[in-house]
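Worksheet: one structure, shown below.
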């Protein structure tokens, strides 16, 4: 058991980033991927790009907050946890970067905020293929992250979720 809790700002940024990433993964995979590149897609892409930029910014803020606040006491598997968090942060940043590169390379910015048109197929652009691969890797790592948190909370009963503002302070 631990009585450590992350600062309110850290908790808020974590859950905002989590919500943004889940929104992006779900809408990108279930809505945008198979939607034809016609006018209705423009509004959806605009939202996707704005939320994607926000997710990237939130990861940067999380890293900065982590450096300016005390670290939690170590828990079992701490090395794996650190690698997992690093991987999640890196994947979200790479997704934001590949999305930005796709927007620049495909003329998407003109289509969204100017007079341009959407390309016939985004898959023709290398950043789109990279973006799709990164999305699948991110989904896998998010699933592992959630499963690990639930394992700590309900099997080890070490109060891990209490660190992130869920549950009672100090666990159990």
*Only one of these is surrounded by 14 or more Cβ atoms within 10 Å (Cβ to Cβ) and not in a loop (DSSP other than H, G, I, E, B): 42, 31. Name it.*
42
*Could we say that residue 171 is closer than 21 Å to residue 53 by Cβ and at pLDDT below 90 here?*
no
*asked:* Residue pairs, Cβ under 9 Å, 6 or more apart or interchain, first in the stretch 51-67 and in contact (Cβ under 8 Å) with a residue 60 or more places away in the chain, second buried (at least 16 other Cβ atoms within 10 Å of the Cβ). List them.
replied: none
*Kindly provide the set of residues from the stretch 6-26 that are under 8 Å from the mean Cα position of the chain (by Cα) and over 22 Å from residue 99 (Cα atoms), ordered by number.*
none
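The values are calculated or read from the model by the stated rules, or taken from the named source; none is laboratory data. The structure displayed is predicted, hence computed values, not measured ones. For neighbour counting, all protein chains shown are included, and Cβ atoms are generated from backbone atoms with ideal geometry for every residue, glycine included.
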